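The values are calculated or read from the model by the stated rules, or taken from the named source; none is laboratory data. These figures come from a predicted structure and were not determined experimentally. Methodologically, a virtual Cβ is constructed for each residue, glycine included, from the backbone with ideal geometry; neighbour enumeration extends over all protein chains shown. Areas reflect the complete protein model, heavy atoms only, side chains present, ligands, DNA and RNA absent. Shrake-Rupley method; radii C 1.70, N 1.55, O 1.52, S 1.80 Å.
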Amino acid sequence: MRAMLSAAALAVTVLAAPASAGAVDDGVMAALSARLFPLLDAAGRDPAVLERIARAPGMESVLRARQERRAACGTDLACRAQALLWSDREADAVRRAVAQAQGLPAADDGPAAQVDREIAGINMIVGTYALGATPTTAIDGPGTVSPQDHRARLQAADWIAETPRAGSAQRLDPSIDYALALLDMSDRTDAIGHEPLTGGANAAALARAKALDWRRYRYSAMIVTGVGPEIEGEKLSPFGKYHLRLAARRFAQGDIAFILVTGGRAHPRATPFTEADEMRKALIERYGVPAEAILIEPYARHTTTNLRNAGRLLARIGAPPEAETVIVCNPLQSAYIESARFTERNAAELGYQPGKVVRRVSPNELVFRPYRTSERVDPRDPLDP
């Protein structure tokens with residue numbers, strides 16, 4: 001009987017029940033979806049676009065095969081998670097469907113490249129948080145949990161992925177909400193912890209930047225890199241405290257517009273403290289630096305993204321694109337930033353260089369010109385997209 005259905009009828013049955021059928025909004029999941037999967041999230045919020053993707057040539061058979069593969073697993077949670085991984089052939093079908101759908105936000109390198117990143121991001125999250133793949137670094141991933149807790153996370157994510165959420169692309173495929181649920185179950189919603197970045201702790205600095213005469217300053221900002229603590233309950237590491245002393249002393253010279261502290265909720269794993277927040281507090285409370293002179297970048301988890309994200313934030317507040325900055329940190333990290341090894345790491349992990357070291361001033365100080373890098377989202381690093 002099923003073989004006799006027309007292609008049009010098959011397309012209609014590909015999508016799950018309409019979002020209006022008992023769907024509820026979930027503020028955390030919606031924010032995380034918009035942040036990590038902007039293209040698929042936009043499709044989920046537009047039923048007409050979602051329908052065009054589902055009806056695109058090749059998509060009907062792909063979506064149906066994925067549904068059947070998952071159903072064949074029965075109650076085997078690991079099997080059901082494995083079934084949600086996207087193969088290269090399936091990802092190619094999504095890429096072609098999105099290219100034809102129109103009406104979707106595109107990154108600077110186009111919608112096909114962005115959907116590739118988002119599909120790869122889903123695979124990475126499912127692989128790491130459900131199937132036990134080793135994370136890129138030890139501070140990432142779900143951490144050490146008991147088999148019972150791991151099963152509970154998989155079961156809850158499995159149920160959530162099939163419980164309607166308003167504005168979700170889960171009607172196309174449950175892998176999207178399954179990946180988001182896995183992050184939520186592991187308390188890894190870092191990517192939305194400080195949104196909007198131009199508000200909150202940065203509001204005073206942003207207001208000052210709008211009226212600032214940048215020509216008065218030799219440097220647009222001092223970038224103070226993070227060195228996360230490794231002891232549970234420790235807010236700032238010993239090196240982090242040293243960085244702050246250096247920063248306060250250098251800022252007192254008066255030729256730098258802003259101190260930009262950068263560091264996420266990274267060390268030790270599952271710490272409740274965001275390093276940039278703690279650095280800002282210490283600068284204000286210990287050194288008397290005005291709040292309007294401090295910018296926080298609270299997402300970076302590695303030195304690569306310390307510098308990339310700092311450049312992005314300076315662009316957002318209107319710093320002149322040709323302006324130089326100063327990186328202040330300990331001599332070991334400073335030498336690393338200047339090294340060929342760091343250049344190679346940027347190329348491998350980011351795909352480009354976040355800026356250029358112009359000159360060295362001292363063992364602790366580098367003059368650095370940030371590049372205006374793309375703000376494209378890469379959910380393969382869901383804690384610092």
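What is the list of residues in the range 232-261 whose amide nitrogen lies under 18 Å from a point 7 angstrom out from the Cα of A270, following Cα to Cβ?
Hits in the range 232-261 for A270 at 18 Å: 232-235.
Could you name the lysines in cross-link range of K235, using Cα to Cα under 18 Å and dropping any fewer than eight places away on the same chain?
K281
By how many degrees, 0 to 90 and rounded to 10, does the Cα axis of helix 147-161 deviate from the longest principal axis of the chain?
Helix 147-161 sits at roughly 70 degrees to that axis.
Show me 338-344, 313-319 ranked by packing, highest mean number of other Cβ atoms within 10 Å first.
313-319, 338-344
How many percent of the accessible area of the chain is carbon or sulfur, using a 1.4 Å probe?
Heavy-atom surface of the chain belonging to carbon and sulfur, 1.4 Å probe: 55 percent.
Sort the range 139-257 into rounded, prolate or oblate with this rule: let a ≥ b ≥ c be the square roots of the eigenvalues of the Cα gyration tensor; rounded if a/c is under 1.5, and if a/c is not under 1.5, prolate when a/b is larger than b/c, oblate otherwise.
Oblate.
Sum up the charges of everything whose Cβ sits under 15 Å from the Cβ of G58, counting Lys and Arg as +1 and Asp and Glu as -1, but leave G58 out.
+2
Enter the angle in degrees (range 0 to 90, nearest 10) between the Cα long axis of helix 175-185 and the first principal axis of the Cα atoms of the chain, meaning the one along which they spread out most.
50 degrees
Expressed in nm to one decimal, what extension gain is obtained for the pair W159 and A204 from 0.36 nm per residue of sequence separation less their Cα-Cα distance? Each step should come with its number before you reach the end.
Details: separation 45, 0.36 × 45 = 16.20 nm, distance 4.25 nm.
Gain on extension, W159 to A204, equals 11.9 nm.
For labels at E338 and R369 in the simple 7 Å Cα→Cβ model, what's the distance in nm?
1.8 nm
Arrange the peptides 99-112, 257-270 so that the one whose residues have, on average, the most other Cβ atoms within 10 Å appears first. Let's see the in-between values first.
Values: 99-112: 14.1, 257-270: 24.4.
Descending packing order for the listed peptides: 257-270, 99-112.
Between the helical axis of 88-101 and the dominant principal axis of the chain, each derived from Cα atoms, what acute angle in degrees is found, rounded to the nearest 10?
80 degrees
Using per-residue counts of other Cβ atoms within 10 Å, averaged over each peptide, order 280-288, 70-78, 366-374 from highest down.
366-374, 280-288, 70-78
Treat each spin label as a single point 7 Å out from the Cα along the C-beta direction, and report the A152 to A78 distance in nm.
Rounded to a tenth, the inter-label distance reads 2.0 nm.
Please give the per residue accessible area of the chain, computed with a probe of 1.4 Å over protein heavy atoms only, in Å².
Values: 16860 Å² over 385 residues.
Accessible area per residue: 44 Å².
What nm distance separates the two modelled labels at A291 and A106, each placed 7 Å from Cα along Cα→Cβ?
Between A291 and A106, the simple spin-label model gives 4.3 nm.
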